[in-house]
Each structure stands twice: as C-alpha cells, then as structure tokens.
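The values are calculated or read from the model by the stated rules, or taken from the named source; none is laboratory data. All values derive from a computational prediction rather than experimental measurement. Methodologically, a virtual Cβ is constructed for each residue, glycine included, from the backbone with ideal geometry; neighbour enumeration extends over all protein chains shown.
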Amino acid sequence: MKYIMTIVWAVIISFVIGYVLASMAGETLHVPSVLSLAAIFSIIVILLGDGVLKESN
C-alpha cells in the first residue's frame, strides 16, 4: 500500500510541477514528460525509503 500511495503522490506532485512550469513558459502541458518525472520521483523515493534511509536498531 505504501508503494501505491508513493506513486499516487508522485503523479500529483509531478502534474503540479509540470503545470506550473508549462504555464510560466507559455507552453502546453506535456503528459508523457510529467509521467516520466513521476516515475523518476517514485523510484527515488522508494529507493531512499527502503534502502538508504532505513532505521538501524
């Protein structure tokens, strides 16, 4: 479930970033670029959460 929520939030945040940057540049929103950004965010967050930032006892 945590992976699904990570992907959902990555998509939402990516769409917001893509929309704001496209609006500032006067361009149209390019959905494939936004989804690729969401995939990159998801992979980074999952790797950081499960590997690098794991709590040690």
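Please state which one of 20, 16 is over 22 Å from residue 2 (Cα atoms), loosely packed, with under 14 Cβ neighbours inside 10 Å and at pLDDT 95 or above.
On the way: 16 fails: over 22 Å from residue 2 (Cα atoms).
Going through 20, 16 in turn, just one is over 22 Å from residue 2 (Cα atoms), loosely packed, with under 14 Cβ neighbours inside 10 Å and at pLDDT 95 or above: 20.
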Report, by residue number, each residue of segment 3-33 that is in a loop (DSSP other than H, G, I, E, B) and among the β-branched types (Val, Ile, Thr). 28
Exactly one of 5, 1 is within 13 Å of the chain's Cα centre (by Cα) and either surrounded by 13 or more Cβ atoms within 10 Å (Cβ to Cβ) or without any contact (Cβ under 8 Å) to a residue 12 or more places away in the chain (or both), and that residue is 5
Enumeration of residues in segment 18-49 that are of a type in the set (A, V, I, L, M, F, W, C) and in contact with a helix residue (DSSP H, G or I) (Cβ under 7 Å, 6 or more places away or on another chain): 29, 34, 37, 38, 41, 45, 46
Answer yes if at least one residue in segment 34-57 is surrounded by 13 or more Cβ atoms within 10 Å (Cβ to Cβ), in a helix (DSSP H, G or I), without any contact (Cβ under 8 Å) to a residue 40 or more places away in the chain and over 9 Å from the mean Cα position of the chain (by Cα), and no otherwise. no
